[in-house]
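The values are calculated or read from the model by the stated rules, or taken from the named source; none is laboratory data. Computed from a prediction, not measured in an experiment: that's the story for all the values here. Methodologically, a virtual Cβ is constructed for each residue, glycine included, from the backbone with ideal geometry; neighbour enumeration extends over all protein chains shown.
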Amino acid sequence: MSNILAILVSAILSDNYVLAKFLGICPFLGVSKKLDSAVGMSVAVTFVMLIATAATWPIQMYLLNPNGLDYLQTIVFILVIASLVQLVETFLKKFIPPLHKALGIYLPLITTNCAVLGVAILNVEEYPDNFLAALVNSLGAGMGFLLAMVIFAGIRSKVERANVPDFLKGLPVTLVSAAITSLAFMGFQGMGG
Amino acid sequence: MIKTFTNGILRENPTLRLVLGTCPTLAITTAALNGVGMGIAATLVLVCSNAAISLLRKVIPEQVRIPAYITIIAGFVTVVQMLVKAYAQSIDETLGIYLPLIVVNCIILGRAEMFASKNPVLPSVLDGLGMGIGFTAALVTMGAIRELIGAGTLFGITVTAGSIEPMVLFILPPGGFFVFGMLIALANKLSGGGNKKEFGCMGCAGCPSAKTCSEANGGGGNE
């Protein structure tokens with residue numbers, strides 16, 4: 001049990017997927033301008049990470065590995081994730097319209113989000129014999145993404161009002177703020193083992 | 001023809017001007033040599049997938065083009081992965097998870113969507129090659145800066161490590177963000193502050209999910 005907790009904490013804080021592993025930088029920079037869209041995106045990412053792991057981990061362990069097809073990992077994973085995202089979108093649209101209205105717009109963006117594919121691949125590499133640990137790691141990765149997005153959305157709204165030199169406007173100053181945010185997260189290093 | 005080739009290296013450098021493929025750029029540039037490995041792997045995939053997609057551009061139906069492109073790209077990534085595993089073990093170890101993640105590198109899908117799906121094979125190959133070299137050049141530059149300041153070496157050869165204490169921070173994640181920001185600022189400055197228009201959603205011109213991304217931003221409320 002403590003092991004599971006350690007995985008969760010380290011995935012959220014010390015091994016934060018965005019700020020320490022550099023996965024999912026595009027949405028981190030692209031959709032963090034406003035707090036509510038940052039939250040929406042992160043919730044959608046967390047959700048997709050969970051179902052992606054729930055689908056790809058058994059495929060790798062019970063289908064690809066026993067048949068010596070593990071070299072197909074990349075192709076199979078990306079196709080499974082892409083079709084899952086499509087499926088979830090259709091399902092939400094049909095059965096839970098309010099949720100589709102809130103998250104639907106972020107779902108197409110997630111297919112090409114490297115954090116999702118990254119989590120799926122890292123999970124089969126790091127937790128090949130523990131499905132629960134893999135799921136907890138995905139949950140932690142998603143929550144870490146949410147935390148980073150929310151903090152960063154707050155920082156960006158302040159930076160936007162600051163007077164920055166012309167050539168630093170836009171992306172460069174955003175990246176420098178990301179550097180400082182990432183520096184803060186380094187303080188968690190060593191936590192959670 | 002030559003313009004198609006040089007376009008990707010300077011004017012539309014995928015990393016510094018279009019700001020695509022940020023994840024590998026930040027993650028693997030802890031040393032200049034890693035940049036070379038990543039750059040070559042991505043260039044190979046880019047050239048092959050551009051050629052294949054250009055050849056198939058009249059066959060692939062409009063509605064399912066993105067999944068089709070992703071499948072083609074994933075196929076070539078797998079080939080590159082196997083080649084690297086067989087012939088360049090050390091590169092495989094340093095690139096780690098970022099090697100399979102070339103699949104979701106938006107430079108490759110972006111070029112498929114923006115260029116290869118509309119142009120004949122030869123220009124598409126040249127475009128892929130130019131973009132790949134531009135990507136490699138940016139990675140090596142950034143890797144060299146971070147390696148020199150952060151470890152005092154360059155391509156593994158000691159330069160300043162003996163005389164000046166290296167600032168380890170530069171090869172850690174915060175240094176990645178910082179150096180990348182400074183390089184983009186420099187590129188903007190050198191191109192005469194050419195980026196007058198606000199990066200609403202940065203580098204989105206070449207990104208396949210640009211439309212959804214800006215909708216997601218706009219749907220958020222005021223502005």
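Quickly run through region B:162-172 and pick out the residues that are exposed (fewer than 14 other Cβ atoms within 10 Å of the Cβ) and away from every other protein chain (no Cβ under 14 Å).
Result: B:Gly162, B:Ser163, B:Ile164, B:Glu165.
Go through region A:102-143 and give me each residue that's under 13 Å from A:Val43 (Cβ atoms) and either away from chain B (no Cβ under 14 Å) or not aliphatic (A, V, I, L, M) (or both).
A:Gly104, A:Tyr106, A:Leu139, A:Gly142, A:Met143
Any residue in region B:90-113 that is touching a residue at least 12 places away in the same chain (Cβ under 8 Å), among the aliphatic types (A, V, I, L, M), in a loop (DSSP other than H, G, I, E, B) and crowded, with 21+ Cβ neighbours inside 10 Å?
Within region B:90-113, one or more residues are touching a residue at least 12 places away in the same chain (Cβ under 8 Å), among the aliphatic types (A, V, I, L, M), in a loop (DSSP other than H, G, I, E, B) and crowded, with 21+ Cβ neighbours inside 10 Å.
Could you go through region A:106-119 and let me know if any residue there is over 18 Å from the mean Cα position of the chain (by Cα), of a type outside the set (S, T, N, Q) and either under 20 Å from B:Cys106 (Cα atoms) or modelled with pLDDT of 85 or more (or both).
Within region A:106-119, not a single residue is over 18 Å from the mean Cα position of the chain (by Cα), of a type outside the set (S, T, N, Q) and either under 20 Å from B:Cys106 (Cα atoms) or modelled with pLDDT of 85 or more (or both).
Of the residues that make up region B:52-69, is at least one more than 14 Å from chain A (Cβ to nearest Cβ), part of a helix (DSSP H, G or I) and surrounded by fewer than 19 Cβ atoms within 10 Å (Cβ to Cβ)?
yes
So for region A:61-73 (the condition being among the hydrophobic types (A, V, I, L, M, F, W, C), farther than 20 Å from B:Val104 by Cα and not in a helix (DSSP H, G or I)), does at least one residue qualify?
yes
Here's a check for you: in region A:28-72, which residue that is within 14 Å of chain B (Cβ to nearest Cβ) and among the β-branched types (Val, Ile, Thr) is surrounded by the fewest Cβ atoms within 10 Å (Cβ to Cβ)?
Filtering region A:28-72 for residues that are within 14 Å of chain B (Cβ to nearest Cβ) and among the β-branched types (Val, Ile, Thr), the one surrounded by the fewest Cβ atoms within 10 Å (Cβ to Cβ) comes out as A:Val39.
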